[in-house]
Each structure stands twice: as structure tokens, then as C-alpha cells.
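No value in this document is a laboratory result; all are computed from the given coordinates. Because the structure is predicted, anything quoted here is derived from the model rather than measured. As a convention, Cβ positions derive from the backbone with ideal geometry for all residues, glycine included, and neighbour counts pool all protein chains shown.
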Amino acid sequence: MSKVMLIVIDGLGLEAARRHLGVMEGLVEAGEARLWTMRAVLPSLSRPAYESILTGLPPARHGITSNWMVRRSSQTSIFTVARAHGRGTGAAAYSWFAELANGVPFDPVADREQDHADAPIQHGRYYVLDPFPDPELYWQADLLVRRHAPDLMLVHPMGCDYAGHEHGGESLAYRRAAALTDDCLAQLVPGWRAAGYRIIVTADHGMSADGRHGGTDAEERLVPFYLLDAPQGGVAAEEADQLSVAPTVLTLMGLPPAPTMTAPPLGSEASMTADAPEA
Ligand SMILES: [Zn+2]
């Protein structure tokens, strides 16, 4: 009966993570975490990928194929499964997650703090503007953890995506945003691990050099998937599918994935395979 913290770093591509997340890479090197190369869904856009991360379905199936399709999810998600089993849920995230999970319209004042026992996300703290500072977001998440200790907690900072759109995926600003992410994780992850969380750090999509994503290029589509305290550390040789995120979260929580979540869960003893050869 583990608790799970799902940290989705918006717009953090695989290469940026491997180059600039020294703390996370150090955990991999020390055998404390396992890293998979993860292939994001198509289109490699935020709202479609959020829905896929939550439901394990590709956009072609769940139907949210544009950032401007603003509606509540009609699918079974990690939050609805968790609630159906009486587990507590929380999120510190962009308002689009509140729209998908808990419904529309999202009022930027009334809905920025949501505490609803019956909602898929019971305790939510949401921001609306993309330049919301990442450290503030992590502190909001930590406050929810201290107050409510949700069994499933979503943490979703926007700093990398914002810097990438403003300055490009090879810019100094983007590299700084990735490094700030790493420092935020360094400060908060030890306490969350000590509080009993299994921690996943991944991304919705990457970022091209010209500040875009949505297509099939590796910079836009390949993202990291770090699992702390996996049965086996190091770097996995095989590539993982983003549709595995939802069944992985539920399996780690000791809950059955929904029948619609058909991708294999990552990080269970049975799923461990070969390490990548040394580069
Ligand atoms: Zn973006």
C-alpha cells in the first residue's frame, strides 16, 4: 500500500534531463533510481499528454488532441481508480489538470484552491499563468503533503516549458530551468521519500531548439522516466511508452490498473530487464 508522488516536469526533454538533472542522475548512478527513455504520445502537446498520463490512453483514443479542447475527462484515470478504492488524492498543478480531472469551467479565483472530498482530485492547488515559479509550486505541493498526506499526489511545475517556449530548447534559460528543477527535487524529495512516497519524475513532452513541441522529433517526444527506489537501479535498455505511466502509478499503489490501461507497468520485479550498455 505505497503512496505515490507523480512529478510531471512540463516540457523537460530527455537530453536536457540527462545533462542538467545532476541530482536525479546521481540517484540513478548510485542505484537508488531507475531511468527509462520514455516516448511521449502524439501529438506531443500538453493537454493531450496530461490526459494520456492520467488515463493510459493515446490521444487518438481519449479524443483530447488539442490544447484548446477544454473539457472534463470522460475516461477512467489514476485519480478515479484511487478514489474508487478509498485512497486520498492531491495535486499542485496547472489549472488544465483541474479541468481534466475535476471539471470545467475553471475559475481562476474560486478554483485555485479546491478541497472536495468527493472529487477525483480531493485537494488541489492550481496556477493559471505559465511563469508561475517552480519553487513556489513545490512548496505548495509540500504543504499539501504535510496537511493531507494524499496517497496519490501530482506535482506539475511549468518552468522548463515556459523557458523553452520563450527562448528555445537549447537556450541558457531552458538549461537554467532544468537545473532549477533538479535543485527543487534535491530539497524536497528526501522528505517525501521519508514520508513513504514512491516517487516518479517524468515529463509530458520535450522541447525543440526553436521552442516548439507537438510533433515527432526526438527532442519533442523523448522524455525521462525516473522511478526512485525501483527494485533495480541504473538505466533501462528498453524504451518505455508514456501509456505505461498510469498503470505504473496504480501498480505501485497496490491498485489494479483499469482494463483500458493496457501498457505494461514499469518497475515491478517482474518487469525488470537489461541495463543499457555503458555509453
Ligand atoms: Zn509547451
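Values computed for the structure shown
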read-out	value
Those residues of the range 1-43 which are within 16 Å of the ligand (Cβ to nearest atom), more than 20 Å from THR76 (Cα to Cα) and over 14 Å from the mean Cα position of the chain (by Cα), in sequence order	ALA16, PRO43
Some residue of the range 134-146 being surrounded by 14 or more Cβ atoms within 10 Å (Cβ to Cβ) and touching a Phe, Trp or Tyr at 6+ places or on another chain (Cβ under 6 Å)	no
Neighbours by Cβ (under 7 Å, 6+ apart or cross-chain): first from the range 162-183, under 13 Å from ALA17 (Cβ atoms); second more than 13 Å from the ligand (Cβ to nearest atom) and not in a helix (DSSP H, G or I)	GLY169/ALA209; ALA178/LEU21; THR181/LEU21; ASP182/LEU21
Residue match in the range 220-231 (condition: surrounded by fewer than 22 Cβ atoms within 10 Å (Cβ to Cβ), within 16 Å of the ligand (Cβ to nearest atom) and more than 27 Å from HIS85 (Cα to Cα))	yes
The range 178-219: number of residues that are touching a helix residue (DSSP H, G or I) at 6+ places or on another chain (Cβ under 9 Å), more than 16 Å from the ligand (Cβ to nearest atom) and among the basic types (Lys, Arg)	1
Some residue of the range 190-211 being free of Cβ contacts under 8 Å to residues at least 40 places away in the same chain and either of a type outside the set (Lys, Arg) or under 12 Å from ALA16 (Cβ atoms) (or both)	yes
